[in-house]
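Below is one structure, written out as structure tokens, with a few remarks after it.
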Amino acid sequence: LSSVIIIPFQSSYALNLAGLDLNLTITPSKIESGKAEHKIGYVSLTHKGILVNQKEDVEIKLSSDYPNIVSVPETIIIQNGSSYSQFSIKTTDEIGESTISATVDNLISSQKVTVGSSNSYLSDNTSLNLSLPSENMHINSDMPFTVFLKTPDGAIVRAPRDIDIRLEYDKNNAFPGNDTLTIKKDTYYSWGVLHSGNNPGSAYLRAVQDELDLDAAKSVRLTSTL
């Protein structure tokens, strides 16, 4: 008689996230109330501050402690081969604050979002802001960035007209998909994706608004070491 050994089939497996940090970024984090959808959220996994391309799909759970003010999808996936994933937040007519949280395994990251009244004029002390989820980047990878206008007290300005932003960068190291971005009329921000090349070292990204004589710049460290 022959015997048969039955090996149980495992339908799931544990992710290997040892040494990684989960990062949740929502930028801008202050927006106007009203029923709208804003694609301004990002989740990423980093190692020592550097975005890491994933070798398998990673499902991230999202939550809002006041979904009547700001709601988010229940889950989002960082896909195989990507270093981040983007998601939208939805606002209502309610005004207030809500903390958005992202979790996977025992990792958690949170950020507060403020929803308030509109600010739709450009004062003399308005500044241009350039926001990246990390100032470290792996070669041959992508990283999202956002540009927006802000007052000294931290209020995000709604564009009273189309605001064109010119981008300057080092073509040999890291470059955006387009040379210009536009903050559309009655919106608060515009976003793009920074692509890194094959060369470790450093790169810069500068956003310029010529008409208003505004600019903002960020430096990015490029590394080939995970």
Next item on the list: Those residues that are in a strand (DSSP E or B), touching a residue at least 24 places away in the same chain (Cβ under 8 Å), of a type in the set (Ser, Thr, Tyr) and out of contact with any Ser or Thr (no Cβ under 9 Å at 6 or more places or on another chain), I need them from the range 158-198; list them, please.
Entry: Tyr169
Item checked: Unmet criterion (only one of (1) open to solvent by 80 Å² or more (accessible area, probe 1.4 Å); (2) closer than 21 Å to Asn53 by Cα) for Asp210 -> (2)
Margin query: For the structure I just gave you, tell me whether Asp153 is open to solvent by 50 Å² or more (accessible area, probe 1.4 Å) and either modelled with pLDDT under 90 or not acidic (Asp, Glu) (or both).
Written below: yes
Check: Quick check, is Ser219 in contact with an Asp or Glu (Cβ under 7 Å, 6 or more places away or on another chain), within 25 Å of Val52 (Cα to Cα) and open to solvent by 40 Å² or more (accessible area, probe 1.4 Å)?
Finding: yes
Checklist line | Close pairs from the range 57-72: first closer than 13 Å to Glu37 by Cα, partner assigned to a strand (DSSP E or B) and hydrophobic (A, V, I, L, M, F, W, C), Cβ under 6 Å, at least 6 apart | finding: Ile69/Val115; Val70/Ile89; Val70/Val113; Val72/Leu62; Val72/Ile89; Val72/Ile100
Check: Of the residues that make up the range 180-199, is at least one among the charged types (D, E, K, R) and modelled with pLDDT under 90?
Finding: yes
Notebook entry, point to check: Looking at Ser127, Ser190, Ser196, which is the one that is buried (at least 19 other Cβ atoms within 10 Å of the Cβ), among the polar types (S, T, N, Q) and within 27 Å of Glu37 (Cβ to Cβ)?
Noted result: Ser190
Check: Across the range 14-34, which residue is nearest to the chain's Cα centre (by Cα) among those that are of a type outside the set (Gly, Ala, Ser) and surrounded by fewer than 18 Cβ atoms within 10 Å (Cβ to Cβ)?
Finding: Asp21
Note to self: Restricting to the range 35-67, and then to whatever is open to solvent by 20 Å² or more (accessible area, probe 1.4 Å) and among the small types (Gly, Ala, Ser), can you tell me which residue is nearest to Ser219 (Cα to Cα)?
What the structure shows: Gly49
Next item on the list: Within the range 82-91, track down each residue that is crowded, with 16+ Cβ neighbours inside 10 Å and either without any contact (Cβ under 8 Å) to a residue 12 or more places away in the chain or farther than 23 Å from Ser141 by Cα (or both).
Entry: Ile89, Thr91
Check: How many of the residues in the range 104-124 are closer than 21 Å to His38 by Cα and in a strand (DSSP E or B)?
Finding: 8
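The values are calculated or read from the model by the stated rules, or taken from the named source; none is laboratory data. Treat the numbers as computed from the prediction; the structure is a model and nothing was measured. Quick reminder, even Gly has a Cβ in these numbers, built from the backbone with ideal geometry, and neighbours come from all protein chains shown. What goes into the accessible areas is simple: the full protein's heavy atoms, side chains included, and nothing from ligands, DNA or RNA. Shrake-Rupley method; radii C 1.70, N 1.55, O 1.52, S 1.80 Å.
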